[in-house]
Amino acid sequence: MKMTTPDYKRIYSDLIAEKFPDRKECKIILSKERLSELDVITLNNILFKDNNKDTTSLNQKHRSYNQDTILEILRYQKKNKLNNIQVAKHFKLSRNTVAKWKKIFLF
């Protein structure tokens with residue numbers, strides 16, 4: 001059985017049109033042909049800035065990253081010359097997760 005990814009572009013377009021019509025900064029991200037997982041996280045942060053700590057912690061448990069997104073995060077780390085702790089804090093990850101990704105994908 002093939003796993004399909006949700007159509008995030010359609011979901012967020014509908015959500016913004018219905019509940020947040022005044023948010024113009026989301027239009028730039030939604031203008032992309034396909035949204036990456038990082039785009040979805042960015043949109044979520046823009047729309048729901050007032051998340052409390054409990055909600056953020058709960059949502060963090062349900063995040064998943066595909067190989068392209070992991071490589072994008074590791075490229076961001078290299079480009080900005082960040083250590084594992086800094087990149088983990090920026091993307092709200094565990095530093096151990098970042099270290100594991102580097103070991104798997106960067107040899």
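Please treat every number below as a calculation from the coordinates, not as lab data. Not measured: the values here are computed from a predicted model. Every residue, glycine among them, receives a Cβ derived from its backbone with ideal geometry; neighbour counts consider all protein chains shown.
Please report Asp68, Asp39, Asp22 as a ranked list, fewest other C-beta atoms within 10 angstrom at the top and most at the bottom. Don't jump to the answer; show the numbers that get you there.
On the way: Asp68 11, Asp39 17, Asp22 5.
Ranking Asp68, Asp39, Asp22 by Cβ neighbours within 10 Å, fewest first, gives Asp22, Asp68, Asp39.
Grab the other residues whose beta carbon is less than 14 angstrom from that of Leu35, score K and R as +1, D and E as -1, and report the net.
That works out to -2.
Please report Glu18, Glu72, Glu33 as a ranked list, fewest other C-beta atoms within 10 angstrom at the top and most at the bottom.
Numbers: Glu18 8, Glu72 15, Glu33 5.
By the 10 Å Cβ count, ascending: Glu33, Glu18, Glu72.
Ranking Phe48, Phe91 by Cβ neighbours within 10 Å, fewest first, what do you get?
Phe48, Phe91
Here are some pairs, Lys32/Lys79; Lys24/Lys92; Lys32/Lys103; Lys9/Lys102; Lys19/Lys79; which of them have Cα atoms lying more than 27 Å apart in this structure? Don't skip to the end; give the middle numbers.
Values: Lys32/Lys79 23 Å; Lys24/Lys92 25 Å; Lys32/Lys103 31 Å; Lys9/Lys102 29 Å; Lys19/Lys79 36 Å.
Lys32/Lys103; Lys9/Lys102; Lys19/Lys79, as the Cα separations exceed 27 Å there.
What trypsin sites (Lys or Arg not before Pro) does the stretch 22-51 have in DSSP loop regions with at most 10 other beta carbons within 10 Å?
On the way: sites: Arg23, Lys24, Lys27, Lys32, Arg34, Lys49; in loops: Arg23, Lys24, Lys32, Arg34, Lys49.
Answer in residue order: Lys24, Lys32, Arg34, Lys49.
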